[in-house]
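Written out below as structure tokens is the structure these notes cover.
The values are calculated or read from the model by the stated rules, or taken from the named source; none is laboratory data. This one's a predicted model, so the numbers in the text were calculated from it and none came from an experiment. No Cβ is skipped: glycine too gets one built from the backbone with ideal geometry, and neighbour counts run over all protein chains shown. Note: areas computed on protein heavy atoms with side chains; ligands, DNA, RNA excluded. Shrake-Rupley method; radii C 1.70, N 1.55, O 1.52, S 1.80 Å.
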Amino acid sequence: MNIFRSLKYRNFKLFFYGQSVSLMGTWMQKTAVSWLVYRLTGSAFLLGMVTFVSLIPSLLLSPYAGSYIDRHNRFKVMVNTQIISMLQAGALAGMIYFQYYSIPAIIALSLLQGIVNSFDVICRQTLMIDMVDNPEDLPNAIALNSTMTNLARIIGPALAGFILSTVGEDFCFISNFISYVPVLGCLYMMRIKVGATPRQQNSLWMELKEGFDYIAGEKDLKSLILLLAMSSLIVIPFTTLMPIFAKDLFHGTARTFSLFESAIGFGSVLSAVYLANLQSNKYLIRIIIIASLLFGGSILLLSFASILPLALAFMALSGMGMMAQTSAINTYIQTHAASHMRGRAISYFIMAYQGVIPVGSLAIGILAETLGPKEAVAIAGSSGIVCILVFAYYWKYSVTKNKFSIALDTPKN
């Protein structure tokens, strides 16, 4: 099938299968942590704080990580990040197993994972082009990777909801620890040849400046990264409040919360399948605009939902919009950035995506405690609609007019 064409490459196939198992464990743990923190504290602020510390390193470290990875063997860096992540998962599993419910310890371990992820995510993104022999299959590999991630977002929380209500919280954390075994096994089986890293003449700080100057000088890349940053700041963090929606607004349990996570994952998978079937990158900008409107609009409607099935439907639509927006921006950057700047370009993508989300998560937690969760989500959705309208106007009258033809999508070499 055309949708699975990237799996014909051995290295990508091993990466895909290993990460599929690991990501399910990651989402089980993420769901369990959110539920545990809110169950123990009942605080929307602390719920936002856990998300904040797990992602804030991406904001602070991503440009450095991108330059570091451009200077080193990124495959070896990724293997090391997976080993450290496994140790972190083991520490968290042991703490929960022995019922040492320490919020500061959970926050500290979440911070450690955030630091590791700031390197790991950039490694995985930049390695995509080394895992597929034909560059034309790169967009398909990116879309399949997104499909895998979002399938894990469906299955992981669903399993977590069942386990939390039957076996217990500790099993979720232990499962995540064990899930790193297959991913490390697959990584060691890969025969990947990363291009030799030339000896760098400039200092790391000079390369950081070069990366910033490159992004600032490319109007198309700059505008997309700014759009993603705004979305990450004021729209995507609405997911932080889903335990409150599940427990307080819809009077549910851990299973109800897992339904919210699975619904957004289901919508994301539908978008990923659509993107994986694309034969051309010609309409990426159009996809980004439509997806962003869908994302903001569905979140706004979610704030008015009064029954659970309707809320879950809007969650699925928000997942479709969010995944299509972020994946299309990722694909555009990877296929349009200069090859020697790809690591640094992706680092700014990660900074705008994962790095800005924690700031927004903390802000929406405070906003929810001040105005209420529904009001906070309504503000997030409305703001997302305003942002994409501003972007569409800028792209039409600035980027397209001054730099591009109507086609918009001729890759840079």
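Structural remarks
- If you take the Cα centroid of region 120-136 and the Cα centroid of region 316-383, the two points sit 21 Å apart.
- Restricting the calculation to alpha carbons of region 244-312 gives Rg and Dmax of 15.0, 46 angstrom.
- MRE, 222 nm, helices only [DSSP H, n ≥ 4, -39500 (n - 2.57), over the chain, to nearest 500]: -26000 deg cm²/dmol
- Test item: Cα-centred dipole of the chain, Lys/Arg +1 and Asp/Glu -1 on Cβ, debye: 820 debye
- For region 1-158, the convex hull drawn through the C-alpha positions has a volume of 120 cubic angstrom per residue.
- Segments 11-19, 390-398, 323-331 sorted - mean Cβ within 10 Å per residue, highest first: 323-331, 11-19, 390-398
- Note: region 76-135, Cα convex hull, 72 Å³ per residue.
- Annotation: per residue accessible area for region 1-103 equals 42 Å², rounded to a whole number [probe 1.4 Å, protein chains only].
- Computed lengthening from Ser102 to Asn80, 0.36 nm per intervening residue step minus Cα-Cα distance: 5.2 nm
- Simple spin-label estimate for Ile366 and Val167 gives 3.9 nm between the two label positions (7 Å along the Cα-to-Cβ direction from each Cα).
- Distance in nm between pseudo-label sites at Phe304 and Tyr394 (7 Å out along the Cβ direction from Cα): 2.9 nm
- Listed residue pairs exceeding 23 Å between alpha carbons, taken from Lys282/Lys396; Lys13/Lys219; Lys30/Lys247: Lys13/Lys219
- Mean Kyte hydropathy of 1.6 or more with a Cα span along the axis of at least 18 Å, helices from DSSP in the chain: 284-302, 357-371
- Here Cα extents along the principal axes in Å was calculated from the structure, and among (1) 54, 47, 45; (2) 71, 55, 38; (3) 64, 50, 48 it sits at label (1).
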